[in-house]
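The structure appears right after this line, and notes come after that.
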Amino acid sequence: MPSSMQFDEGSVRGFLHRPDNGSERGLVLTHGTGGNCRAPLLIATAEAFSEARFAVLRCDLLFRQRRPTGPPSAAGAAADRAGLKDAVASMRHIVAGPIFLGGQSYGGRQTTLLASAEPQLVSGLLLFSYPLHPPGQPERLRTEHFPLLRVPALFVQGTADPFGTVAELRHAIAVIPAPTHLLSIDGAGHDLRRGRFDAATVVATFLKLIERSS
């Protein structure tokens, strides 16, 4: 079983998973509004990717480093993205190969915003429960930056997610001018705790996407 260790370097805090047999690729993962990098979803995902010989850094966004509970603020979103960029820079000292970036909900949205602004930063995106719109407000789409995304992206969405249905998300990602794939989790809500979420399936699907795109 790959091991993990606490990671604290500058603005980057979290846990680093290192495969026993070495790694050439890296993945930075972050959390949603109400969670932190200790979320079970992120741990399961990190362990599964580590088994596939990825070095994985689960990190807390800056808003969560500043206080253990509570939501982020709109004013702090740029700082959260800057922290993710620092995490990618830290990963470049750990692996020599491509680096990928992922997040759940709010963390996923900040990931896409960062990648749209800096298309060369990472080689692909892994997005859990993308918050397509506020619950009950489908007209308030959070997709204005999607046409600027230039790297492959895997979206993992529950079929009972109030922040965006699978059909809505499938329509929204059609404007992304890069390879995408939507993996739906039957019966799962926004936290993906119910339904048939399987981290190994996420890894296999992600690997197929990036290999097809290379």
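The values are calculated or read from the model by the stated rules, or taken from the named source; none is laboratory data. What you see is a predicted model; the values in this text were computed from it and never measured. Neighbour counts run over all protein chains shown; Cβ positions are idealised from the backbone, glycine included.
Table: residues versus (1) of a type in the set (A, V, I, L, M, F, W, C); (2) under 17 Å from the mean Cα position of the chain (by Cα); (3) buried (at least 17 other Cβ atoms within 10 Å of the Cβ).
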residue	(1), (2), (3)
PRO71	no, no, no
ALA78	yes, yes, no
GLY83	no, yes, yes
ALA89	yes, yes, no
GLY97	no, no, no
PHE100	yes, yes, yes
GLY103	no, yes, yes
GLN110	no, yes, yes
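The set of residues from region 17-41 being touching a residue at least 60 places away in the same chain (Cβ under 8 Å), buried (at least 23 other Cβ atoms within 10 Å of the Cβ) and under 16 Å from ARG92 (Cα atoms) comprises GLY26, LEU27, VAL28, LEU29.
Within region 9-33, being at pLDDT 95 or above and of a type in the set (Lys, Arg) holds for ARG13, ARG25. In region 25-58, how many residues are farther than 17 Å from ALA204 by Cα and not hydrophobic (A, V, I, L, M, F, W, C)? Qualifying residue count for the region: 10. May I ask you to list the residues in region 136-167 that are farther than 19 Å from LEU114 by Cβ and polar (S, T, N, Q)? If the condition is that a residue be farther than 19 Å from LEU114 by Cβ and polar (S, T, N, Q), then GLN137, GLN157, THR159, THR165 are the ones that fit.
Across region 16-26, not a single residue is classified as closer than 28 Å to THR143 by Cα and part of a helix (DSSP H, G or I). Just one residue in the set ILE185, ILE173 is of a type in the set (A, V, I, L, M, F, W, C), farther than 16 Å from GLY108 by Cα, modelled with pLDDT of 95 or more and surrounded by 19 or more Cβ atoms within 10 Å (Cβ to Cβ); that residue is ILE185.
To keep it simple, each residue is scored yes or no on (1) closer than 18 Å to PRO19 by Cβ; (2) touching a residue at least 40 places away in the same chain (Cβ under 8 Å); (3) of a type in the set (A, V, I, L, M, F, W, C).
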site: ILE43; (1), (2), (3): yes, no, yes
site: GLU51; (1), (2), (3): yes, yes, no
site: ARG58; (1), (2), (3): yes, yes, no
site: THR69; (1), (2), (3): no, no, no
site: ASP86; (1), (2), (3): no, yes, no
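Pairing residues of region 127-145 that are touching a residue at least 24 places away in the same chain (Cβ under 8 Å) and under 16 Å from GLY107 (Cα atoms) with residues that are among the basic types (Lys, Arg) and not in a loop (DSSP other than H, G, I, E, B), at Cβ distances under 8 Å and at least 6 apart in sequence or on separate chains, gives TYR130/ARG109; PRO131/ARG109; ARG142/ARG109.
Do you know which residues across region 1-12 are of a type outside the set (A, V, I, L, M) and either buried (at least 20 other Cβ atoms within 10 Å of the Cβ) or not in a strand (DSSP E or B) (or both)? It would help to see each step written out before you state the result.
First pass over region 1-12, keeping only residues of a type outside the set (A, V, I, L, M): 2-4, 6-11.
Answer for region 1-12, where residues must be of a type outside the set (A, V, I, L, M) and either buried (at least 20 other Cβ atoms within 10 Å of the Cβ) or not in a strand (DSSP E or B) (or both): PRO2, GLY10, SER11.
Okay, residues lined up against (1) in contact with a helix residue (DSSP H, G or I) (Cβ under 9 Å, 6 or more places away or on another chain); (2) within 16 Å of LYS85 (Cβ to Cβ):
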{"position": "GLN6", "(1), (2)": "no, no"}
{"position": "VAL28", "(1), (2)": "yes, yes"}
{"position": "HIS31", "(1), (2)": "yes, no"}
{"position": "CYS37", "(1), (2)": "yes, no"}
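Yes or no: PRO135 crowded, with 21+ Cβ neighbours inside 10 Å and touching a Pro at 6+ places or on another chain (Cβ under 7 Å)? For PRO135, the condition - crowded, with 21+ Cβ neighbours inside 10 Å and touching a Pro at 6+ places or on another chain (Cβ under 7 Å) - is not met. Output the residue which, of all residues in region 112-126 that are out of contact with any Ser or Thr (no Cβ under 7 Å at 6 or more places or on another chain) and not in a helix (DSSP H, G or I), is surrounded by the most Cβ atoms within 10 Å (Cβ to Cβ). Among those that are out of contact with any Ser or Thr (no Cβ under 7 Å at 6 or more places or on another chain) and not in a helix (DSSP H, G or I), it is LEU126.
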